[in-house]
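Novice: Shown below is the structure under consideration.
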Amino acid sequence: MTIRVMLVDDQVLLRTGFRMVLAAQPDMEVVAEAGDGVEALQVLRSTDVDVVLMDVRMPKLDGVEATSRICAQPGAPKVLILTTFDLDEYAFSALKAGASGFMLKDVPPGELLAAIRSVHSGDAVVAPSTTRRLLDRFAPMLPATGKEPQHKELQRLTEREREVMVLVAQGLSNGEIAARLVLSEATVKTHVGRILTKLALRDRVQVVVLAYETGLVRAGGHD
């Protein structure tokens, strides 16, 4: 199956570089490009796209608002945000807007390609180390909560599922969670799936955001 990719960035040179990398892959095809969010929304009306590589800062309509509008549509493509360290706060906003993850613009080609494939298959693509760095930095900006998580749906989770959710929110991969809790990766994957279902979340990126917003996990990565 060919993954249909759209590039959205106001820098033509960057789009050209990404297009060259993707064009060399037998399972990927760049089917559309746009220089800003407004153009991206227009193109998506008539183009079938699986994954959108979305820049954050662009004229007319930035990547956060464009992501929000795209993800609000039924059958929307997955959105992978491209950001830089000094724009991490925008990446967090984009995750809340519905993006499936984010990568740094200077990411090695191999990691970018793996991220696109992961997003396409429905997995999260926020690297654990980047998740911790991002949320440890910006969690203090989230609404203050009491000692107990305020999201009533969290009460539906079993004790083990809460354990798994905390570790997901701290940025651990399924393999790392399995090692920490002495479980098989398949069991961890099952727990994550149940968490997503019970909390009506799209993917583990939303698990991370919810865990921080409710106070289940706090800045510094500690529950």
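Novice: Could you tell me the calculated FRET efficiency between ALA76 and THR16, based on Cβ-Cβ distance and R0 = 25 angstrom, to the nearest 0.05?
Specialist: For ALA76 and THR16, the calculated efficiency is 0.45.
Novice: Tabulate in residue order the Karplus-calculated ³J(HN,Hα) for the stretch 99-106, using 6.51 cos²θ - 1.76 cosθ + 1.60 with θ = phi - 60°, rounded to whole Hz; enter x for Gly and Pro.
Specialist: Taking θ as phi minus 60°, the curve returns 4, 8, x, 8, 9, 7, 5, 9 Hz for the stretch 99-106.
Novice: Which order results if LEU14, LEU199, LEU95 are arranged by neighbouring Cβ count within 10 Å, fewest first?
Specialist: LEU14, LEU199, LEU95
Novice: On to the next question. Report, ordered by chain and residue number, the lysines lying within cross-link reach of LYS189, taken as a straight Cα distance under 25 Å and ignoring same-chain residues fewer than 8 apart.
Specialist: Cα-Cα hits under 25 Å: LYS78, LYS96, LYS152, LYS198.
Novice: Could you give the length gained by full extension between GLN42 and GLU111, i.e. 0.36 nm per residue of separation minus their alpha carbon distance, to one decimal place?
Specialist: Full extension of this stretch gives 21.9 nm more.
Novice: Please give the length that would be gained between ARG194 and SER173 if that part of the chain were fully extended, namely 0.36 nm times their separation in residues minus their C-alpha to C-alpha distance (nm, one decimal).
Specialist: The span from ARG194 to SER173 would gain 5.9 nm if fully extended.
Novice: Report the calculated FRET efficiency for THR2 and ARG202 (r = Cβ-Cβ distance, R0 = 25 Å), to the nearest 0.05.
Specialist: 0.60
Novice: For a quick check: sort THR47, THR197 by the number of other beta carbons within 10 angstrom, fewest at the front.
Specialist: THR197, THR47
Novice: Starting with the fewest neighbours, write out PHE102, PHE18 ranked by other beta-carbon atoms found within 10 Å of each beta-carbon.
Specialist: Neighbour counts put them in this order, fewest first: PHE18, PHE102.
Novice: What nm value, rounded to one decimal, do you get for the distance between ALA24 and LYS60 when each label is placed 7 Å out toward the C-beta?
Specialist: 3.1
Novice: Let me ask you something else. Short version: ³J(HN,Hα) in whole Hz for each residue of the stretch 43-56, in order, from phi by Karplus 6.51 cos²θ - 1.76 cosθ + 1.60 (θ = phi - 60°), x for Gly and Pro, what are they?
Specialist: Calculated HN-Hα couplings, in order: 5, 5, 5, 10, 10, 7, 10, 9, 9, 10, 8, 10, 6, 8 Hz.
Novice: Same structure, new question: In terms of modelled amide H atoms, which long-range or inter-chain residues lie less than 5 Å from the amide H of VAL52?
Specialist: So VAL52 has HN proximity to MET6, LYS78, VAL79, LEU80.
Read the figures in this text as sums done on the coordinates, not as results from a lab. Being a predicted model, the structure only gives us computed values, none of them experimental. In this analysis, Cβ positions are derived from the backbone assuming ideal geometry, glycine residues included, and neighbour counts consider all displayed protein chains.
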